[in-house]
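Only one structure is covered here, and it is reproduced in the block below.
The values are calculated or read from the model by the stated rules, or taken from the named source; none is laboratory data. Keep in mind the model is a prediction, meaning the values are calculated, not measured. Quick reminder, even Gly has a Cβ in these numbers, built from the backbone with ideal geometry, and neighbours come from all protein chains shown. SASA here: full protein model, heavy atoms, side chains in, ligands and nucleic acids out. Shrake-Rupley method; radii C 1.70, N 1.55, O 1.52, S 1.80 Å.
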Amino acid sequence: MSKNEIIKGVILVGLGATSYGMLATIVKLAYHSTEKFTTAEVITAQFIYGLLGILLLNLYQKTTAKSPIIKASSKNIRNLMLAGTSLGATSIFYYLCVKYIDVSIAIVLLMQTVWMGVLVEWILDKKTPSKQKILAVVVVLAGTILATNLLFSKVAFNWTGFMWGILAAASFTTTMFTANKIAVGVSSAQRSLYMLLGGAIIVLFFVLYTQTTPFNLAIFGKYGILLALFGTIIPPLLMNSGFPKTGLGLGSIVSSLELPVSVSMAFFLLNEKVVFLQWLGIILIITAIVIMNINFKKTGSLFIFSYLRK
C-alpha cells in the first residue's frame, strides 16, 4: 500500500467518523425543536431516507460497473437482514439514551463497545484477551467514570438514559461482530441495503408500538435528510472505502475521532457543560483504543509512520 493511499484512507475514515459524531446532536436538536419530534419520527425519517439513498447507490453501481457485480444470495440476504436487526435496535436505544441524558455522556456510553467487543471475542471466538487488551479495558472503564462525571456531578445521574446507552453499546457490538463475518464477498452497498432493511423491520415495530400521536411529517423536511446523511449514508460509505487502505488497527484509531467530535458538537451547539475531568476521561478512552490497536513490538518512530513506511 502506497503512502498516498494510506493518507487517503486516514482522511476517508476520519471524515466518516466525524460525520457520525454529528448525529446525536442533530437528534437532540430535533427533540428540542418547536415541533418536539418523537424518537419514532426521528428514526423513521432517518431509515426511509437512508434506504432510498443506499438503493440509489446500488442502482448507480449496477449501471456503471465495468465488470459483473457479485449478487447477494438468498442466504446472504437473510443473514444480512437478521444482522441488520441489531443495527435498528442500536439506533432506537441510542436515540432513547440521547432523550434522557446529554450527548457528551451518551457517546461515551456507546464507546463501551471497546470492552464489549473483547468480551464477545472471548466468549464466542474463544480468544483469550491479551494483557494489552485487558489494560485497554481497564483504561476504558476508568475513562468512562471520568467522562460521565459519575463521581463528581452534583446533579442526579439519569439511570434510565444510562441503561439505554449500555443497551445501544451492546447492540452496536453485535452489529460490528456479525457484519464482519456475513457476506463479506458482497459489495458494501448491497450489504448496507439489506442490513438497513433488517433494521427497518425493528424500527417499524418500535414506531407502531410507541407513536401514540399523529405522525409529524415535518420531520422529513426539517431533519430527515441530515439524519440519513450523517447516520446512514456518509459514514459507512467513507469508512468502507477507507478501512481497506488504512488497515483495521490504524482505521480504528482514526475512527475514535467520533468521540471528541460528538462532545465538541454538543458543547458548541447544545451548550452542554463539559468539565475538565470529562475531557480527561475522553482522552483516556481514545488512549485505550490506541493501546488495543498499536503493535508495541514495532520499532521505529511513531505508529502512523510505521504504516507509511510499508
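Taking the Cβ of Lys127 as the center, what net charge do the other residues with Cβ under 11 Å away carry, scoring Lys and Arg +1 and Asp and Glu -1?
Charge balance in the 11 Å sphere: 0.
Multiply the residue gap between Leu59 and Ser241 by 0.36 nm, knock off their C-alpha separation, and tell me the result in nm, one decimal place.
63.7 nm
Can you tell me how region 202-265 classifies by the Cα gyration tensor, rounded, prolate or oblate, using a/c under 1.5 as the rounded cut?
Prolate is the answer for region 202-265, as a/c is 1.5 or above and a/b outweighs b/c.
What dipole magnitude, in Debye to the nearest 20, does region 86-208 give about its Cα centre under +1 on Lys/Arg Cβ and -1 on Asp/Glu Cβ?
220
Put +1 on the Cβ of every Lys and Arg and -1 on every Asp and Glu Cβ in region 20-121; which of Phe47, Thr34, Met111 then has its Cα farthest towards the positive end of the dipole?
Farthest along the dipole direction, towards plus: Phe47.
Around Ile69, what is the net charge, scoring Lys/Arg as +1 and Asp/Glu as -1 over all other residues with Cβ under 15 Å from its Cβ?
On the way: positive: Lys62, Lys66, Lys71, Arg191; negative: none.
For residues surrounding Ile69, the net value is +4.
What is the percent carbon and sulfur in the accessible area of the chain, measuring with a 1.4 Å probe over the protein chains and ignoring ligands?
Details: 10990 of 15810 Å².
Here carbon and sulfur together make up 70 percent of the probe-accessible area.
Using a Gaussian network model of the chain whose springs link C-alpha atoms within less than 10 Å, name the residue from Ala170, Ala156, Ala45 with the highest mean-square fluctuation.
With Cα springs under 10 Å in the chain, the top fluctuation among Ala170, Ala156, Ala45 is at Ala156.
Could you give the accessible area per residue of the chain, probe 1.4 Å, as a whole number in Å²?
Per-residue value: 51 Å².
With +1 on each Lys and Arg Cβ and -1 on each Asp and Glu Cβ, how big is the dipole of the chain about its Cα centre, in debye rounded to the nearest 20?
1000
Shape call for the chain from the C-alpha gyration tensor, a ≥ b ≥ c root eigenvalues: rounded (a/c under 1.5), prolate (a/b greater than b/c) or oblate?
oblate
Could you check the simple spin-label distance between Arg78 and Thr212, using points 7 Å along Cα→Cβ, in nm with one decimal?
Here the modelled spin labels are 3.9 nm apart.
Pull out the extension gain between Ile7 and Asp125, defined as 0.36 nm times the separation in residues minus the alpha carbon to alpha carbon distance; nm, one decimal.
Values: separation 118, 0.36 × 118 = 42.48 nm, distance 3.22 nm.
39.3 nm is the gain from fully extending Ile7 to Asp125.
All other residues with a Cβ under 10 Å from the Cβ of Ala30 taken together, and with Lys, Arg as +1 and Asp, Glu as -1, what is their net charge?
+1
Any chance you could run the full-extension gain for Lys36 through Phe268? It's 0.36 nm times the residue separation minus the Cα-Cα distance, nm to one decimal.
81.4 nm
For region 77-201, what class follows from the C-alpha gyration tensor (a ≥ b ≥ c being the square roots of its eigenvalues): rounded when a/c is under 1.5, otherwise prolate if a/b is larger than b/c, else oblate? Can you show the working numbers first?
Numbers: a/c = 3.08, a/b = 1.39, b/c = 2.22.
In terms of gyration-tensor shape, oblate.
For a quick check of your reading of the filter: which chymotrypsin sites (Phe, Trp or Tyr not before Pro) in region 118-179 sit in a DSSP loop and have no more than 14 other Cβ atoms within 10 Å?
Qualifying residues, ordered by number: Phe152, Phe157.
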